[in-house]
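What follows is a short report on a single structure.
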Amino acid sequence: MSRKLTSEPGWTLFLDRDGVINTRIPDDYVKHPDEFEFIKGVKEALAIFSHIFNPVVVVTNQQGIGRGLMTHVQLDQIHKKMLSEVSSAGGRIDAVFYSPDLKNSRSFTRKPSVGLGLKAKKQFPSIHFRKSIMAGDTYSDILFGHRLGMLTVLIGTEKEVLSRCAGILDYSFPDLISFANYFQELE
Ligand SMILES: [Mg+2]
């Protein structure tokens, strides 16, 4: 049975990055801050979430590093830009955790494995996975959240993804701002 979204205090929000916060680049990676483009409404959504969730963390697979297409320093620059723009818009991302590993590396940190979630809990001991939400745009994100016992939210409307997630998905919204607006209606 689906668990219920609530705006009560003490909840953590885990967010995927590409396709949720910024526009995905088809068959490529965001390798430079100039290529990082916020999806419409995301900064406003993060401003709303920052009043509801603590912490707000990003968990993202970035195998462009493992493939040698960008460096850790370049990725840090991209995330610095992301964090500063979010904060200028009144929002908050408390930490970004990423996996640089390749898809076929059997990595423990690459979603849908749970390593990034455990790293986040190590940095923020107040996190309880049963009081956490994972929002992402792929089956891998939903499986990651499900494995950790989180409430799961798919961001997107693709039928194929929705049907693959059936059974382990609690909610879906077309985009992050629709998800954020849902909380405003709860209040
Ligand atoms: Mg994604």
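Counting only helical runs of four or more DSSP H residues, what would the 222 nm mean residue ellipticity of the chain come to if each run contributes -39,500 (n - 2.57) and the total is spread over all its residues? Walk me through the intermediate numbers first.
Details: 7 runs with 68 residues, N = 187.
One gets -10500 deg cm²/dmol as the mean residue ellipticity at 222 nm.
Of all DSSP-defined beta bridges confined to the stretch 12-186, some 5% are antiparallel rather than parallel.
Averaged per residue, what accessible area in Å² does the stretch 12-186 show with a 1.4 Å probe, protein chains only?
On the way: 8360 Å² over 175 residues.
Here the per-residue accessible area is 48 Å².
The trypsin sites (Lys or Arg not before Pro) of the stretch 1-101 that meet both conditions, a loop assignment by DSSP and at most 14 other Cβ atoms within 10 Å of the site Cβ, are 3, 4, 40, 67. Distance from the alpha carbon centroid of the stretch 172-187 to that of the stretch 1-74 works out to 16 angstrom.
Here's how it looks for residue 172: its modeled amide H is under 5 Å from those of 154, which are all 5 or more places away or on a different chain. Only alpha carbons enter this Debye calculation for the stretch 75-187, each as an equal point scatterer, and the log10 of I(q)/I(0) it gives at q = 0.10, 0.19, 0.21, 0.23 Å⁻¹ is -0.33, -1.24, -1.40, -1.45. When a 1.4 Å probe is rolled over the protein heavy atoms, the share of accessible surface on the chain that falls to carbon and sulfur comes to 51 percent. Across the chain, the mean sequence separation of Cα contacts (distance under 8 Å, 6 or more residues apart), normalised by length, yields a relative contact order of 25 percent.
The values are calculated or read from the model by the stated rules, or taken from the named source; none is laboratory data. Computed from a predicted structure; not experimentally measured. With ideal geometry, Cβ positions are generated from the backbone for all residues, glycine too; neighbour counts draw on all protein chains shown. For the accessible areas, the whole protein counts, side chains as well, though only heavy atoms, and no ligand, DNA or RNA atoms are used. Shrake-Rupley method; radii C 1.70, N 1.55, O 1.52, S 1.80 Å.
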